[in-house]
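For reference, the structure discussed in these notes is given below.
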Amino acid sequence: MEETPDISGAELVISHFGHWPEFLDNEIVCISLDRGGPTLDFVVHAFDYEPGEPQGAPRLVKSCFVHFRCTGVEGVTLNHFNSQNAVEGICFENLRQPFWENDLWKITIDGVHGVTGEVRAREIEVVSLVPTEEPPVCIAH
């Protein structure tokens with residue numbers, strides 16, 4: 001079980017799933033950069049499955065879209081963003097040192113197919129969570 005990062009809005013994710021997920025086999029469906037701030041927003045189609053019967057297909061338990069916003073962006077490295085961006089996980093790590101005045105977050109996107117990379121930002125927040133009953137699919141904008 002992944003440790004819950006100390007970010008604004010994390011309780012929305014915990015309320016939906018009952019825990020902070022690893023975002024294993026989830027999909028990043030949108031990434032947006034804005035020089036004002038600067039900010040980086042990304043949306044994850046997040047879901048949990050229950051194991052199926054032996055050799056059976058897993059059953060979808062929860063599905064939602066989680067909108068994250070990173071502000072005070074200091075570095076971005078993204079590679080391979082395409083029409084399907086399945087990730088093995090998304091890690092949120094606070095790099096803050098005791099003598100620093102502010103936080104510095106590192107978000108690592110461990111891609112399986114599509115986007116991989118790292119973002120460094122002063123703040124991260126969960127802007128919104130929209131539940132969906134839909135199974136995960138590739139969404140074209």
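The values are calculated or read from the model by the stated rules, or taken from the named source; none is laboratory data. Bear in mind that the values here come from a model prediction, so they are computed numbers and not experimental data. Counting neighbours? That spans all protein chains shown, and the Cβs are built from the backbone with ideal geometry, glycine included.
Tabulated data for the structure shown
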item: Residue match in the stretch 1-24 (condition: among the charged types (D, E, K, R), modelled with pLDDT under 95, out of contact with any Leu (no Cβ under 6 Å at 6 or more places or on another chain) and at positive phi); result: no
item: Among the candidates VAL43, VAL61, VAL115, VAL126, residue that is in contact with a Phe, Trp or Tyr (Cβ under 7 Å, 6 or more places away or on another chain), free of Cβ contacts under 8 Å to residues at least 40 places away in the same chain, surrounded by 16 or more Cβ atoms within 10 Å (Cβ to Cβ) and of a type outside the set (S, T, N, Q); result: VAL43
item: Residues of the stretch 73-124 satisfying the condition of being in a strand (DSSP E or B) and of a type in the set (A, V, I, L, M); result: VAL73, VAL76, LEU78, ALA86, VAL87, ILE90, ILE107, ILE109, VAL112, VAL119, ALA121, ILE124
item: Pairs with Cβ under 8 Å, 6+ apart, first in the stretch 9-20 and in contact (Cβ under 8 Å) with a residue 60 or more places away in the chain, second of a type in the set (Phe, Trp, Tyr); result: ALA10/TRP20; VAL13/TRP20
